[in-house]
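Asker: Encoded as structure tokens, here's the structure I'll be asking about.
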Amino acid sequence: MRLILNVIWLIFVGLWLALGYLLAALICFVVIITIPFGFAALRIASYPLWPFGRTIVEKPGPRPGAPIGNVIWIILFGMWRAIGHVVAAVSMSITVIGIPLALANLKLIPVSMVPLGKEIVPIDQTRSISANSRVAA
């Protein structure tokens, strides 16, 4: 089922969203001071291509500059990327087949707003991480 949803997603919205993130990364790389945002945008660009079966988790370790960087990201790119996800979700939810795709679009809004300090991992890896943390506790 994940494969079918991912293929439908890729055809209708995934490629366009990934291109938007790649454009944001390119702009960030051109303006030298925003290179960390460019790497965050590249990291996020792979997620809209194939979202089903993957999830977003917090990166381990301290990230002292992430909150300030995320505020700057929201102002420059995050707000516009989130609006794009909402518009795509509304347009996809018109059909019954599009409802899971619309929900996936809504799932992308938090990472589009605050990408610094986030990591995209397979769902299976998330389950093993949570199981290991329960065993250790």
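Asker: What percentage of the solvent-accessible surface of segment 10-137, computed with a 1.4 Å probe over protein heavy atoms, is contributed by carbon and sulfur atoms? Don't skip to the end; give the middle numbers.
Answerer: Values: 5720 of 7310 Å².
With neighbouring chains kept in place, the figure for segment 10-137 is 78 percent.
Asker: Under the rule a/c < 1.5 gives rounded, and otherwise a/b versus b/c splits prolate from oblate, where does segment 15-101 land using the Cα gyration tensor?
Answerer: Because a/c hits 1.5 or more and a/b exceeds b/c, segment 15-101 counts as prolate.
Asker: Please give, to one decimal in nm, the separation of the simple spin-label points placed at residue 19 and residue 71, each 7 Å out from Cα toward the Cβ.
Answerer: Calculated label separation equals 3.5 nm.
Asker: Could you go through segment 27-36 in sequence order and give the Karplus-derived ³J(HN,Hα) for each residue, using 6.51 cos²θ - 1.76 cosθ + 1.60 with θ = phi - 60°, rounded to whole Hz, and x for Gly and Pro?
Answerer: Per residue, the Karplus-derived 3J(HN,Hα) values read 4, 5, 6, 5, 7, 3, 5, 9, 4, x Hz.
Asker: List the residues whose amide H sits under 5 Å from the amide H of residue 50, counting only those 5 or more places along or on another chain, with H placed 1.01 Å from N in the peptide plane.
Answerer: Answer set, sorted by chain and number: none.
Asker: Where only protein heavy atoms count, and the probe is 1.4 Å, what is the accessible area per residue for segment 9-137 in Å²?
Answerer: 57
Asker: List the chymotrypsin sites (Phe, Trp or Tyr not before Pro) in segment 63-113 that DSSP assigns to loop (not H, G, I, E or B) and whose Cβ has at most 12 other Cβ atoms within 10 Å. Which are they?
Answerer: none
Asker: If r is the Cβ-Cβ distance from residue 99 to residue 49 and R0 is 25 Å, what FRET efficiency results, to the nearest 0.05?
Answerer: Details: r = 20 Å, r/R0 = 0.81.
Step by step, r from the Cβ atoms, then E = 0.80.
Asker: Report the one residue of 94, 25, 110 whose Cα lies farthest in the direction of the positive end of the charge dipole of the chain (charges on C-beta: Lys and Arg +1, Asp and Glu -1; origin at the Cα centre).
Answerer: Value: 110.
Asker: Here is a further query. How much FRET efficiency would the formula 1/(1 + (r/R0)^6) give for residue 11 and residue 58, where r is the Cβ-Cβ distance and R0 is 22 Å, rounded to 0.05?
Answerer: That pair, residue 11 with residue 58, gives E of 0.10.
Asker: Zone of residue 2 (label point 7 Å along Cα→Cβ, backbone N under 19 Å): which residues in segment 101-125?
Answerer: Answer for this model: 101-108, 119-125.
Asker: Right, here's the next one. Given charges of +1 on the Cβ of Lys and Arg and -1 on the Cβ of Asp and Glu, with all other atoms neutral, how large is the dipole of the chain about its Cα centre, in debye to the nearest 20?
Answerer: Approximately 200 debye in magnitude.
Asker: Where does the chain land at 222 nm, in deg cm²/dmol rounded to the nearest 500, when only DSSP H runs of n ≥ 4 count, each adding -39500 (n - 2.57), divided by all residues?
Answerer: For the chain, the value works out to -19500 deg cm²/dmol.
The values are calculated or read from the model by the stated rules, or taken from the named source; none is laboratory data. Just so we're clear, the structure is a prediction, and the values are computed from it rather than from any experiment. Here Cβ is always computed from backbone atoms with ideal geometry, including for glycine, and neighbour counts include all displayed protein chains. In case anyone asks, the SASA skips ligands and DNA or RNA and just uses the protein heavy atoms, side chains included. Shrake-Rupley method; radii C 1.70, N 1.55, O 1.52, S 1.80 Å.
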